[in-house]
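The values are calculated or read from the model by the stated rules, or taken from the named source; none is laboratory data. Computed from a prediction, not measured in an experiment: that's the story for all the values here. Note that we place each Cβ from the backbone using ideal geometry, even for glycine, and neighbour counts take in every protein chain shown. Ligands, DNA and RNA are stripped out before the accessible areas are found, and what is left, the full protein with its side chains, is counted by its heavy atoms. Shrake-Rupley method; radii C 1.70, N 1.55, O 1.52, S 1.80 Å.
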Amino acid sequence: MVNEQSDIRREKLQRITELGIDPYPPRCADALPIAGIREVGETEESVTVSGRLTARREHGKTVFADLRDTTGSIQVYLGMKTLSDTEWTLLGLLDLGDMVQVSGPVFVTRTGELTVKCQELTLLCKSLRQLPVVKVDSQGVVHDEVTDRDYLYRHRCVDLQVNHDSMERFGRRSRIITSMRSYLDERGFLEVETPILQPIYGGAAADPFETMYGSMDQKFYLRIATELYLKRLVAGGMERVYEIGKDFRNEGVDRTHSPEFTQLELYEAYADYAVMMDRFEEMVAGAAEAAGTGTDITVDGTLLSLRPPFQRIGFMDSLRKASGEDLFSWEPAELEALMEEKGIACETPDRITMLDKLFDHFVAHRIIGPAFVVDYPVELSPLAKRKQGDPAVTERFEAFIAGLELANAFSEQNNPLLQREILEEQARFSAHREGTLDEDFLYALEVGMPPTGGMGIGVDRLVMVLTDTARIRDTILFPHLRRVDQ
RNA sequence: GCGUCCCUAGCUCAAUUGGCAGAGCAACGGACUCUUAAUCCGUAGGUUCCGGGUUCGAUUCCCGGGGGGCGUACCA
């Protein structure tokens with residue numbers, strides 16, 4: 001489709017080429033980051049800076065332009081007298097969005113703006129698309145901010161350029177992940193990669209994406225968790241392992257759920273869920289520092305502290321307190337009546353599922369935290385060990401911050417006979433399973449896995465908390481959108 | 001999946017009861033040698049998401065489709 005705006009830019013491109021200028025040169029001279037130039041300040045010496053043209057203010061034989069790179073923005077002064085004829089002509093053919101390199105001394109204008117006086121102008125890349133022009137006035141008010149989420153998600157390259165917050169958020173995401181990786185690396189954890197395509201899926205309860213493996217003529221699934229493979233590695237003698245990667249759950253999308261999301265799973269031999277609590281506390285505090293927020297953060301207007309130790313909340317206790325009833329002694333029919341009264345839907349109204357839903361309703365989403373919910377009923381925790389002295393509950397916790405479930409951890413079940421029994425039982429009742437046991441996982445447990453603590457951390461959600469972001473999609477660079485046929 | 005709201009120029013948004021589709025920014029032409037949402041004069045820019053229907057006439061009302069936002073459900 002022909003569009004007048006891009007026609008104009010293509011024409012300019014043509015004229016630039018006719019000037020003997022390569023609009024897409026293969027390389028350019030070394031340049032200082034803009035932040036570096038701001039540090040140096042005024043100087044007679046010539047500096048070189050590269051960036052994208054974001055604004056232009058013309059005054060006849062003089063032009064002021066703004067140049068931006070990842071480190072910041074700076075004003076450039078371009079005068080007809082200080083440029084060659086070709087450069088001056090080139091300047092007239094530049095558009096907002098073009099990338100250029102300028103060289104010259106740095107001075108301060110009458111109005112106090114640090115400015116590079118351009119004595120050499122080089123085009124680095126001609127932009128053929130007109131991007132939205134977002135302006136910020138002297139009061140700091142943003143004008144014409146782009147708010148069309150569809151447009152921004154479909155063209156993240158535009159979002160990153162016009163929305164400073166977005167660029168900032170993804171920078172923080174990267175630093176958060178780096179800090180967690182460093183934390184684990186420094187403690188002797190081995191980063192590994194396990195299959196994304198799996199013949200049998202497991203490690204969580206969720207609908208999988210299915211695919212066909214052509215040359216094997218077999219159905220495969222995109223993993224819903226890395227758990228069962230990582231435990232195989234612990235059984236094999238990799239005593240400390242972790243994986244940061246995508247899991248895929250063929251489920252609905254909402255503010256806190258993305259079908260493709262990033263999870264960090266780690267397993268530590270000779271440790272238990274109490275050790276995992278320490279790990280979580282330390283990693284979150286470290287990630288907060290890396291994100292530049294420190295441990296006192298604000299999420300959706302609420303102040304909270306990420307300084308360890310985090311609060312412990314009993315699953316059953318908290319439900320008892322929050323509901324004012326001892327729901328654990330209730331009959332299923334009574335629970336069902338309460339569910340109906342509260343308007344909580346439940347497809348499989350067995351006692352334990354209902355208790356879990358009631359917990360979500362009364363407790364989970366209201367936990368500001370940070371807090372560890374402990375003592376989960378065994379029925380909800382098929383891969384966790386039972387608590388000594390209280391076989392009704394498991395050595396498991398879920399970590400909550402600002403109402404979000406951020407982590408799930410337990411002392412891993414390593415009794416192969418018990419694990420088989422539980423998984424077989426599970427397979428009989430769970431709608432999510434197709435009755436396929438992961439025999440190779442059980443084989444690994446039979447070979448023998450030492451006492452082990454394991455944990456999964458929802459990375460996208462951690463980023464949400466540490467960047468005060470309301471939607472998980474805003475922490476994912478390329479969230480899924482329906483395909484639109486053009 | 002269900003409910004609800006939205007889709008108009010490159011971007012942000014108008015358009016009375018159903019009556020000539022408009023503005024700001026960006027773009028284009030011109031003026032201007034320290035501006036910074038630069039300013040001033042002028043110009044162009046539209047499949048009103050798509051397809052039907054009602055009507056003399058549809059951006060507006062109705063039906064169907066597409067995409068998105070929000071809420072809700074599913075997600076040990």
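Could you go through the range A:237-248 and let me know if any residue there is free of Cβ contacts under 8 Å to residues at least 40 places away in the same chain and open to solvent by 40 Å² or more (accessible area, probe 1.4 Å).
The answer is yes, given that some residue of the range A:237-248 is free of Cβ contacts under 8 Å to residues at least 40 places away in the same chain and open to solvent by 40 Å² or more (accessible area, probe 1.4 Å).
This table checks each residue for (1) over 16 Å from the mean Cα position of the chain (by Cα); (2) at pLDDT 95 or above.
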site	(1), (2)
A:GLU239	yes, yes
A:ILE244	no, yes
A:VAL253	no, no
A:THR256	no, no
A:TYR270	yes, yes
A:GLU281	yes, yes
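Report yes if some residue within the range A:274-292 is in contact with an Asp or Glu (Cβ under 9 Å, 6 or more places away or on another chain) and charged (D, E, K, R); otherwise report no.
yes
Inside the range A:177-256, counting only strands (runs of 3 or more DSSP E) that do not spill past its ends, which hold 1 or more residues that are of a type in the set (S, T, N, Q) and assigned by TED's automatic domain parsing to the domain that holds A:ALA409?
Strands (runs of 3 or more DSSP E) meeting the threshold: A:210-213, A:218-222.
Please work out which one of (1) open to solvent by 50 Å² or more (accessible area, probe 1.4 Å); (2) farther than 30 Å from A:GLU289 by Cβ; (3) within 14 Å of RNA strand B (Cβ to nearest atom) is the condition A:CYS157 fails and give its number.
Every listed condition holds for A:CYS157 apart from (2).
Pull up the range A:355-378, narrow it to residues that are more than 10 Å from RNA strand B (Cβ to nearest atom) and over 27 Å from the mean Cα position of the chain (by Cα), then point me to the one that is nearest to A:LEU445 (Cα to Cα).
It comes out as A:VAL378.
Return yes when A:GLU145 is open to solvent by 40 Å² or more (accessible area, probe 1.4 Å) and more than 8 Å from RNA strand B (Cβ to nearest atom) and no when it is not.
In short, no.
Checking the structure you have, find out if any residue of the range A:387-404 is near RNA strand B (Cβ under 9 Å from one of its atoms) and open to solvent by 60 Å² or more (accessible area, probe 1.4 Å).
No, the range A:387-404 contains no residue that is near RNA strand B (Cβ under 9 Å from one of its atoms) and open to solvent by 60 Å² or more (accessible area, probe 1.4 Å).
Need a quick list: strands (runs of 3 or more DSSP E) entirely within the range A:278-392 having at least 2 residues that are β-branched (Val, Ile, Thr).
Hits in the range A:278-392: A:296-299, A:371-374.
Need the failing condition index for A:ALA364 against (1) open to solvent by less than 10 Å² (accessible area, probe 1.4 Å); (2) modelled with pLDDT of 90 or more; (3) of a type in the set (A, V, I, L, M), just the number.
A:ALA364 satisfies all of (1) open to solvent by less than 10 Å² (accessible area, probe 1.4 Å); (2) modelled with pLDDT of 90 or more; (3) of a type in the set (A, V, I, L, M) except (2).
Among the residues of the range A:456-486, which ones are within 13 Å of RNA strand B (Cβ to nearest atom), open to solvent by less than 70 Å² (accessible area, probe 1.4 Å) and over 11 Å from the mean Cα position of the chain (by Cα)?
If the condition is that a residue be within 13 Å of RNA strand B (Cβ to nearest atom), open to solvent by less than 70 Å² (accessible area, probe 1.4 Å) and over 11 Å from the mean Cα position of the chain (by Cα), then A:GLY456, A:ALA470, A:LEU481 are the ones that fit.
In the range A:118-133, is there at least one residue being within 21 Å of A:THR43 (Cα to Cα), near RNA strand B (Cβ under 10 Å from one of its atoms) and open to solvent by less than 50 Å² (accessible area, probe 1.4 Å)?
no
From the list A:SER174, A:SER166, A:SER138, exactly one residue is farther than 17 Å from A:LEU96 by Cβ and open to solvent by 90 Å² or more (accessible area, probe 1.4 Å). Which is it?
On inspection, the qualifying residue turns out to be A:SER138.
Going by the structure shown, is A:GLU227 under 30 Å from A:GLN311 (Cβ atoms), more than 16 Å from RNA strand B (Cβ to nearest atom) and surrounded by 18 or more Cβ atoms within 10 Å (Cβ to Cβ)?
When the stated conditions are applied, A:GLU227 does not pass them.
Report, ordered by the first and then the second residue, all pairs with beta carbons closer than 9 Å, sequence separation of six or more or different chains, a first member in the range A:350-375 that is over 23 Å from A:TRP330 (Cα atoms), and a second member that is at pLDDT 85 or above and basic (Lys, Arg).
Note: pairs meeting the criteria are A:ALA371/A:ARG312; A:PHE372/A:ARG312.
Somewhere in the range A:432-443, is a residue part of a loop (DSSP other than H, G, I, E, B), at pLDDT 95 or above and not β-branched (Val, Ile, Thr)?
No, there is no match, as no residue in the range A:432-443 is part of a loop (DSSP other than H, G, I, E, B), at pLDDT 95 or above and not β-branched (Val, Ile, Thr).
Suppose the filter is within 16 Å of RNA strand B (Cβ to nearest atom) and open to solvent by 20 Å² or more (accessible area, probe 1.4 Å); does A:ALA345 pass it?
Yes.
Select the strands (runs of 3 or more DSSP E) contained entirely in the range A:13-115, then report the ones holding at least 2 residues which are within 15 Å of RNA strand B (Cβ to nearest atom), open to solvent by less than 30 Å² (accessible area, probe 1.4 Å) and out of contact with any Asp or Glu (no Cβ under 6 Å at 6 or more places or on another chain).
Of the strands (runs of 3 or more DSSP E) lying wholly inside the range A:13-115, those with at least 2 residues that are within 15 Å of RNA strand B (Cβ to nearest atom), open to solvent by less than 30 Å² (accessible area, probe 1.4 Å) and out of contact with any Asp or Glu (no Cβ under 6 Å at 6 or more places or on another chain) span A:62-69, A:72-79, A:99-108.
What do you reckon, is A:SER381 closer than 16 Å to A:GLU405 by Cβ, more than 28 Å from the chain's Cα centre (by Cα), at pLDDT 80 or above and surrounded by 15 or more Cβ atoms within 10 Å (Cβ to Cβ)?
No; evaluated as a whole, the condition is false for this residue.
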